[in-house]
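Since the structure comes first, as structure tokens, the remarks are kept for the end.
The values are calculated or read from the model by the stated rules, or taken from the named source; none is laboratory data. It should be emphasised that the depicted structure is a prediction, and the values quoted were computed from it without experimental measurement. All Cβ positions, glycine included, derive from the backbone under ideal geometry; neighbour counts span all protein chains shown. Each accessible area value is taken on the protein alone, full model and side chains, heavy atoms only, with ligands, DNA and RNA left out. Shrake-Rupley method; radii C 1.70, N 1.55, O 1.52, S 1.80 Å.
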Amino acid sequence: TLQHKTLQQICKIYGQSLSSETSGYPVITVTGKSGVKQYSCAPTFVKKYPMVLCSHEQAVDQAVASAMNGGNTLFIANTVDRAIAMCEKVQKKLDEEGITKIQVHLITARTSPENKEKMSMDLVRKYGKEGKEKGLRPEKSIVIATQIVSMSMDIDFDTLFSELAPIDEILQRIGRLR
């Protein structure tokens, strides 16, 4: 579904005009010899994502608890320095509690292009569709990353923690849940 102004510009390219704005989401626009027609339809399903505002310390506790219950947790930080700090906090908590069965991974773009590609492929292999099908998915893990994991990666986690970010980035991050 495009903004009305953008849709009007596209229709104009095809020699058509869009008469009025159709409400609803999603909207399907069809242009042909008989003109432009728009159809709005109900979404096929609605997902609800409960959100809770918490501190970094609370996120550490909840991420460890989630992983201990057999889950894979993703924490997305806005900066590399915050991702590193969060990784240190998680590792410290695991060490203090003597927990050794949770894998912790730090993923940022502050690396060589070759290593970034390798890390990305490894993430997709473990946390993508292939990981589930081939049994490569870890039982218990925490991945701490920057927004590098928000873009062009088909990966899936059970729990997501995100620092506050613009809404379009939050929507991208939510796409990494289930």
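Report, by residue number, each residue of the range 65-85 that is of a type in the set (S, T, N, Q), more than 15 Å from the chain's Cα centre (by Cα) and either within 12 Å of Asp158 (Cβ to Cβ) or surrounded by 14 or more Cβ atoms within 10 Å (Cβ to Cβ) (or both).
Ser66, Asn69
When the residues of the range 38-56 are narrowed to those that are open to solvent by 100 Å² or more (accessible area, probe 1.4 Å) and over 18 Å from the mean Cα position of the chain (by Cα), which ends up farthest from Lys93 (Cα to Cα)?
Looking at the filtered set, the residue picked out is Tyr39.
When you go through Gln3, Gln62 one by one, which is the residue that is under 26 Å from the mean Cα position of the chain (by Cα) and more than 28 Å from Phe161 (Cβ to Cβ)?
Gln3
Could you grab the pairs with beta carbons closer than 6 Å, sequence gap of 6+ or different chains, first residue in the range 166-178 and within 17 Å of Thr79 (Cβ to Cβ) and of a type in the set (D, E, K, R), second one outside any helix (DSSP H, G or I) and modelled with pLDDT of 80 or more?
Arg173/Ile76; Arg173/Ser162
Can you pull out the residues in the range 128-158 that are among the hydroxyl-bearing types (Ser, Thr, Tyr) and in contact with a Phe, Trp or Tyr (Cβ under 9 Å, 6 or more places away or on another chain)?
Of everything in the range 128-158, just one residue is among the hydroxyl-bearing types (Ser, Thr, Tyr) and in contact with a Phe, Trp or Tyr (Cβ under 9 Å, 6 or more places away or on another chain), namely Ser141.
Mind checking which pairs have a first residue in the range 104-132 that is under 18 Å from Ala67 (Cα atoms) and a second that is among the charged types (D, E, K, R) and open to solvent by less than 60 Å² (accessible area, probe 1.4 Å), Cβ under 8 Å, 6 or more apart or different chains?
Lys126/Arg137; Tyr127/Arg137; Tyr127/Asp156; Gly128/Asp156; Gly131/Arg137; Lys132/Asp156
Considering (1) open to solvent by 70 Å² or more (accessible area, probe 1.4 Å); (2) modelled with pLDDT under 90; (3) over 17 Å from Ala63 (Cβ atoms), say which one Thr111 fails and leave the rest.
Unmet for Thr111, out of (1) open to solvent by 70 Å² or more (accessible area, probe 1.4 Å); (2) modelled with pLDDT under 90; (3) over 17 Å from Ala63 (Cβ atoms): (1).
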